[in-house]
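Each remark here refers to the structure printed beneath this line.
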Amino acid sequence: MMVNHMNPRQFKKLCAKCHCLVLKIDPSYAGSTHTALPGERYDWFHLDVLKGTKGFGERVGYEEPEWEDQSAWNMLTDMVFWHFAEIRDGEEQNGMPWASWPVGVKPTTWRDYLALGQRVALEVRRPC
């Protein structure tokens, strides 16, 4: 996905674009919008983010709730994958059904994800 090669400024701009798309796809996330504080890290690649980088967060857990957040980029890639994913019958991994990209849809760059995100936003257009 080539995001781990971005500098924090580029990542902040990408997250701003993704934030708008995530809210178009599912407006219920508007209440969980989070902007990063200096020195915070987002996502699995532990990119240091700039103050104001857009993301989504919420408290999770029952007895000892903790704050869990993810970047708008990570949220969009998850939404795009699960919108297009095909669940294969009979194939499991660790007891869970195996999901994969359908034939002909396999984004490789951040531009591909943004284009697919716009497509998803149009397909799930909700009435205002």
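The values are calculated or read from the model by the stated rules, or taken from the named source; none is laboratory data. Since we're looking at a predicted model, the values are computed, not measured. Cβ sites come from the backbone with ideal geometry, for glycine too, and all protein chains shown count toward neighbours.
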Task: Where a residue in the range 1-29 is at pLDDT 85 or above and its partner, wherever it lies, is among the hydroxyl-bearing types (Ser, Thr, Tyr), with Cβ under 6 Å and at least six apart - done: Lys12/Thr53; Cys15/Thr53; Cys15/Ser71; Val22/Tyr29
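Each row is one residue, and each column tells you yes or no for (1) over 15 Å from the mean Cα position of the chain (by Cα); (2) surrounded by 13 or more Cβ atoms within 10 Å (Cβ to Cβ); (3) modelled with pLDDT under 80.
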{"position": "Tyr42", "(1), (2), (3)": "no, yes, yes"}
{"position": "Phe56", "(1), (2), (3)": "no, yes, no"}
{"position": "Val60", "(1), (2), (3)": "yes, no, yes"}
{"position": "Pro65", "(1), (2), (3)": "yes, no, yes"}
{"position": "Asp69", "(1), (2), (3)": "no, yes, yes"}
{"position": "Leu76", "(1), (2), (3)": "no, yes, no"}
{"position": "Glu86", "(1), (2), (3)": "yes, no, no"}
{"position": "Gly90", "(1), (2), (3)": "yes, no, yes"}
{"position": "Asn94", "(1), (2), (3)": "yes, no, yes"}
